[in-house]
1. Return yes or no: is B:Arg152 surrounded by fewer than 21 Cβ atoms within 10 Å (Cβ to Cβ) and within 13 Å of chain A (Cβ to nearest Cβ)?
2. Do we find a residue being assigned to a helix (DSSP H, G or I), within 14 Å of another protein chain (Cβ to nearest Cβ), more than 24 Å from the chain's Cα centre (by Cα) and under 28 Å from A:Ala290 (Cα atoms) anywhere in region A:196-203?
3. Are any of the residues in region A:63-70 buried (at least 17 other Cβ atoms within 10 Å of the Cβ), assigned to a helix (DSSP H, G or I), free of Cβ contacts under 8 Å to residues at least 60 places away in the same chain and not small (Gly, Ala, Ser)?
4. Looking at (1) in a loop (DSSP other than H, G, I, E, B); (2) over 18 Å from C:Phe61 (Cβ atoms), which one does A:Gly227 not meet, given that it meets all the others?
5. Determine which single condition C:Phe273 fails, assuming it passes every other condition in (1) of a type in the set (Phe, Trp, Tyr); (2) closer than 21 Å to B:His421 by Cα; (3) within 15 Å of the ligand (Cβ to nearest atom).
6. For residues in region B:212-252 being among the charged types (D, E, K, R) and modelled with pLDDT under 85, which is farthest from B:Ala283 (Cα to Cα)?
7. Quick check on my filter: what residues within region B:75-110 are of a type in the set (Lys, Arg) and in a strand (DSSP E or B)?
8. Is it the case, given these coordinates, that C:Ile183 is touching a strand residue (DSSP E or B) at 6+ places or on another chain (Cβ under 9 Å), within 14 Å of chain A (Cβ to nearest Cβ) and β-branched (Val, Ile, Thr)?
Amino acid sequence: MSTLVALARALAFVQGVAQPITMVRHIHCAERPMVFIPLALAGEANAPLAAMVGDDPDRPRLLVVPQPRNRDLRFAFAAELASILVPHFERFQTVTEVAAPDRTGQARWRSTDAPQVVVANPAAAGFVRLFGRSTRFRRADGPYAVDARVPVLGQWLTFFAERAEYPGSSLLVTLTDALAMHWATGQSALEDTHLPALLAWIEPPEGRDGATAAMLAEDPGIWPPAGPATDPDFDNRVLAPAIEAYAAATTPDAGTLAECQASGALRDAVASQLEPTWRLMWRAIALLRALPPGVRVADRWAADRDAYTEFAARLEGSGLPQPRRDGAVAAARRLHRLERALAAFTVQRAYDDPLIMAEYRLTGEAFVATVLEADRLRIDTSGRRRTLRPRVTVTTTDPAKPEVGSTWISPARPAQRARAVEVVVARGAETTVVLELSGGMGRALTPLPGSVPDAGERLCYTSLADQYVPPGDFPAPEETPWTHGGPPAPASLDAVEGQAAVASRRGDDLPRDDLPRDDLPRDDPAGEEWS
Amino acid sequence: MTGTASPAEAADRVVGAVLSGLQHGSDQGIVVDSPPGAGKSTLVVRVAGELAAAGEPAILIAQTNEQVDDLINRLAATGAHRQIGRLSAVDYVPSPRVAQHQVVTVGTRVRDLDGSTVIVGTAAKWATVPEGTWPWAIVDEGYQMRSDALLRVANRFQRALFVGDPGQLDPFSTVESERWVGLTWDPMQSAMAVVLRHNPGLPLHRLPVSWRLPASAVPAVARAFYPFTGFRSGTGSTARRIALEAQRSAARSAHDMARSALDNVARSALDDAVELAASRGWALYELPARHTVRTDPEAIAACAALATRLLDRRAVAYSESAPSGRPVSPDRIAIGVAHRDQAAAIRALLPPSAAAVTVDTANRLQGREYDVTIVLHPLSGRRDATAFHLETGRLCVLASRHRHACIVVARAGIQELLDAHPGNTAVHLNVPVTFPDGWEANHAMLAHLERYRVIAG
Amino acid sequence: MQSASRIRGSARPCAQNARTIAALTSNPGCDRRAVLDTAGVDKQRLADHIGYPARFGQSQFAIVRGNAFEAQLKADQCAALLRLLIEQKIVPPGQHARHVDCSAVGQTESQDDRLARTAGLLGEVFKGGDSWGVPGQRPALLLDHPLLAMTIAGRTVYLEPDLILIGPDARVHVVEVKSFAVIDGQAAPSKVAAAAIQAAVYVMATCAAVTEAGFDAGAVADEIVLVCPRDFANQPTATLIDVRKQLAVLRRQFARMARIEMLLAALPDDLTFDLSIDESGVARRPPVEVVAALECVPARYIPECLAVCELAGFCRSRSRARGQTAVLGRDVCERLGGIEEVETVLGLASGTLSPSPDQTETAAVLRLAEQLRSQSLVLAGDPTAASSGLGLSALGLSA
Ligand code: SF4
C-alpha cells in the first residue's frame, strides 16, 4: 500500500466512485479467457456443488452435482469439467514459435498463445488449487477408478494454481485482485475481495454512489455471493429442499420424469446463484480489456507461455502428478524464482506506468527532471582506453536527493546507466544533478542519434533497475544436505528420476520445481475417500 | 554450580565444552546460542584458530561483507593463521581493515585461495562455489541467515558450528506465501531453525554472559527477550558508569544555539533524561500521546537533541576497559530506529558536531555496539501495531546495543496501543511457536521503562 | 452488576461462551463491544432491530456435517479419538479409555448441578479415587461436554468444551473438535486461530476448575488437541497446538476488564439497550432510540470487525457517515499519517486546509502525493503534455 494508493482510496471515498491507480493495464487479457465459477458445498472440504464455465459470454455451461455427498456424482462432475477444460488447455500447444535458447544453449520453442483461466475472487482461486489437489492423484484403474481425464484435469488445475503465485503472471487471473490492482475503492481491501461490491464501486449504477451500491451488492438476497461459498440462507431455504426432492425422486431405474423434474429444479436453483456472477465477471473482463496494456505485459505473457509449453510437454512426457508439498530443494528453488519474479514485476510495473513511478518519486527512488545541458561527445581519457562518457546536467523539483556516485536509469533508455557525479541541492525545492552516461549509445566514440538526452528534454530517472539476475544454484534433490533432512527416501527418488534428469539437462530457470521429486504421489491419496 | 562461578568462569566453561565437542565429539553440528555481546565473534575466531592448529581447514560463512571484513580483521590479529582467504565477488574492494593484513589473500574463486587455513565469505558468495567439501564450517549469525541460503552452501562442509543470537531479527522474504508453512524445511525460516528441526539431537550450548550489556540492562533484556534461558552480565553493578562533565546550564554551545529545529524541545527534560540514563542506565523520554506520521517531527527532533545534549554535557564513560574514563564521542553513540526514512530525518537534524553519531535501522545495527544508544520506539505515535513493529527481534536489537545506557524516545499511549491490538489473527499448524511473542516482549519492556520515565516538557 | 442488567434491560442475558470471550481479543480496543458483551446484550437481535442484520448464518449442510463428524469421533467409547491421542503420544499405546458423558441429564438439570457434577468428577480424579481404577490400570477419561465456570469482569460465565482428556497420569488436555479440513497438514489459518483462542479459554476454565477443586493447575497442559477431518475424507486427524501465546493474550485482556466497570459507570444513568420485547416476541422500542443509545458508547470500527462482530454493519455505516479513514483499512490509515477524517486528508492534500503544527509533516507528504498523482494523470491525458516529453513518453511507453 503506497501513499498514492491510500490517497486514491480517500478520493474514491469522497467522490463515491473508484479511482484509477494505474495508467495502463498490468495483466494480459486473453482473447478467449476461460471463465470458471465454482460453488462448493458448505461444511465440506472443497466438495464441488456446481460450476459455471466457458469461454463465450453467451454460452455458459452449467455443471451441477445433484447430490454433493455422493462420491460418484462428484467424480462425474470432475469428468464433465475435465471434458470442457482439458481440451481447451491442450488446444494452444499446436502453434509454436522459436524462443531464446536456454542457458545451455539448447533451442527452445514456445506456444504462441496459452489458455487463461479467470476466477472471481481469491477463494475461487483457492478452490482451483484444492480441486487440483483432490483430483490429480486419482487413478483411472484400481479400486477407486475415475475417468482418465480427471487426474489430468487435476494436474492442469494445480499448474494454474501454482503459476498464479508468480507475481505478474496472467495464466490464472483472480478478478478481484486484477481490478484492485487498477482501481482504488472507497472501502477496505478486505471488502474489495467481494466482486459485486468491488464492481459497484468501479461502476456505480446511475444515481447511486459506490458505498451505497456496494452495500446493496453485499446483500446475498440481492446479489448472490460470487462463490465458492454459497449464501447459508439459500442453502437452507432453497438448496437443501431441492437436493432432498432430487434424492426422493431418484429411483434405481434412472431417468424417470420425476427425477428429470427434480434435477431441473435443482439446476435452476443453482443457476440463479451463478448467472449474476457470470455476467459480472464478463463485465469485469471488459473493464480490464478497455485499459491500454503496459509495454512489458507482453514479456510476462511470454514467460507464462514458456511455463505453459513446458508443463504441457511434461504432461505428455512422464505425466507424474505434482507432489503434495515441495521437498526441501524444490521449496528453496521455488522461493528463489518467486522472489526474482517479484523483483522484475515491481520494476516493470513502474517502468510501464507513470502513476506507479510516481510512488517512487514520492519516496525519492525516482525523479523527473529537465535536461539543462548535455555534453554529448565527452570522452573519458583517464583510463587506458578512451571511452565515451557524455554528461548531462538535469534539474528536478522532486524530493529525490541523489547521492554522488549513485546510479540511475531512465526507463526511456533502459540500457543506459547514469551515474551522479555532482549534486547541488538548492535552498529552494530544486536539485541539480550532473549525470555521467554509459552504455546504450552504440560502439563508436560518438553516440548514436537520440541515445543521449538533449537539452530541454524531460525525463524520468529511477534507481529501480530492470536487470537480468542469473538464477542461483541449488543442490540436486538427492544431494539435500543433512541440515535439511538429507536426501529424500530413495523410493521417491526412483519415481521421479526421469524428471530430475530432464531438469538437470535443461539447466535453465523455467519452472522445474513443479516436477515431483520427494513424494511418492500415486498410492495413498488415490484411495482417499471423498465424502 | 554456575551460580557461584564468576562470569568469566561460567563463559569459559561453555567455550570449553564447545571446543571439546569440536575435537572429540562426533555430532555433525554444534549449535551455540549467544545473547547480545556474549563473545560470539571471540568464539568464532577462537574455533577457527583451533581448527587451523589441528590442521583442519575450515570455511567461515558470514552474512554480510561487513561481517566478513570484521571477522577477517579479528582472525588476522590472532596470528594463528598461515593464510586467510577472503572469498569475494568480482567488484569487492578490500576495506582498509582487511587490506592492512599481509596474511589475507583476496580471491573470487576458491582455487585462488589455496593454502588458506581458513576461507571466509558471505553465504551469498559461498552459494556460487559449485564444489569442494571442507571438514568444518563455521556459520556465523545463523539466526539472520535464511534456510534456503544454508541449503545452497551446506554441501560444502561435513560438520559445522552454528553460532547466532536468537533475539535478533528473523530473516524475511519479499514474497508472501503460505505455501511452505509447517514444512520442516520451510525456506523462509532461519538457518538455525531448519538445522534444529531436522537435527533435534545436536548439542546446544548457550553463552551465559553478556560482556557488552551493563548490569543495569541485563535483567530487563533477559526477561523480555530471553525469558526461558536468561543470561547474566559480565560486569557488576558498579563497573560501568557515566559522568557528565558539563553542567546543565553551561551547555549552550555555539552550534546548539544555531539549531532552531531543536529549540522547541524542552531542555530541562532532555537533561533529566540524559542524567537519568547516565546514572541508572535507562531513560524513557516520553512525548505526549499523539498519532503521527512515521517521521514524527517531535520524536525525530528529540532523538537528535538527546544525542547532541549527551555530547554537550561531555559524557565520559568509565568501565572495566577504561577505568580512567573515555569520552562518549559521537562514534560511540547510536540512534536506532525502525524505518529508513526516520534515520534519514534524524541525520538531517544532527549538527555537524554530532555528524559521526550512527543513525540506523535495527536491521543494520545488528551485531554492533555503542556506549550509549538512543532508540526511537518502533510503536511510538502509531495508531496500530503491525507484525513488523511488534517483531520481537526489532526491539531486542535496539535495546541491546549499549555498553552503558539506553534512552528510549516514545510517545505515551503505547501500552493502550498494545492492549487494543487484535490478538493473533493467523495460526499455522505444525509450526513451532517461537518465544517470546513480540506483543508480550513489548509489554515487558514497557513495564520496565515505566520506572525511568521523563516527561518531555 | 446493577448497571449491566439495566443496560441489557428486560431481556434474558445472552450467554457468554468461549467464542464470545475469544472475540474479546479480536478488537479489544472497542468499548462498544466490551460494554454490550459484558452486559450480555444480544447483539444479533440488536443489529436486526436497527436494520443492519448480521450475516453469520450457518448452512444446515455445515451443521449436519459437523455433528456427524463429532458423533463419528465419539462412537464406540471414543475409539477413533483414542487412536488419534495415542498417535499424538498424549496417551500411551494400548491405553483404554472411558467416555464420560457430562452433558445435561434431561431437560431439567440445572447448570449449577452440572457444574457440580464436573467439579466432583475432577475432584475424584485428582484425589486418585478408586472409582477411577487402581493406579496402573486407570483408563484415560474423556469428559464429553463438561460444564465449567469462570468469573470474568465480575460475572460468572459458563463454558462447555467439546472434550477434556484426563490421561492415566492425571494430565489434562483440552480437546477441540472442528469440522474444517486439514489438508496436507495445513488448515485455514484464521480458522485455526479462532479454534486456538477458544480452546485457550477452555484451558483457563479448566485450570480454574482444577484449582477450585484444590489441586495444582499445572496438571492442565498448555497445548490443546485440535481434531479435524483430514484431507478430503471424513477421517479425523489430530494436531497439537501450543496455546501459551493465546493464554497470555487472554490473561491480559481479562485483567483489563476492570476498565469496563469504569466504562459502565461513566455511561448515562438511563442508558439501556432494552428492545422492549413484548409477549409475542416483537421488539417494540423505536430503532432510533436504540441507535442513539449505541452512539453513547464509543466504538473503534476497523474493517476486520466485519468478520467477527454482529454490529459491524452498523458501525461501518456510522464510521462512513463520519468520514473516518478507519473504514479504508488499517494500512491505508497508516499511510495517511493517522489522520482520522477523510476530509482532512483531502484538504491537506489539495492545500485547501492549512495543517495544524502536528500535521505539517503529513500534510507535506500528502500534498506531494496529490501533486504527483494529478500531474501524472493530467499529463497522460493531455497530448500537448505528452509531446513535451513527460508522461507516457518520458517513461518509455512510446517505445
Ligand atoms: S463492529 Fe462495532 S461494536 Fe463491534 S467491535 Fe467493531 S466497532 Fe466495536
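1. Numbers: surrounded by fewer than 21 Cβ atoms within 10 Å (Cβ to Cβ): no; within 13 Å of chain A (Cβ to nearest Cβ): yes.
Here the answer is no, as B:Arg152 does not meet what is asked.
2. Looking through region A:196-203, none of the residues is assigned to a helix (DSSP H, G or I), within 14 Å of another protein chain (Cβ to nearest Cβ), more than 24 Å from the chain's Cα centre (by Cα) and under 28 Å from A:Ala290 (Cα atoms).
3. no
4. (2)
5. (2)
6. B:Arg252
7. B:Arg86
8. yes
The values are calculated or read from the model by the stated rules, or taken from the named source; none is laboratory data. Everything numeric in this text was worked out from a predicted model, so none of it was measured. Don't worry about glycine lacking a Cβ; one is built from the backbone with ideal geometry, like all the others, and counts go over all protein chains shown.
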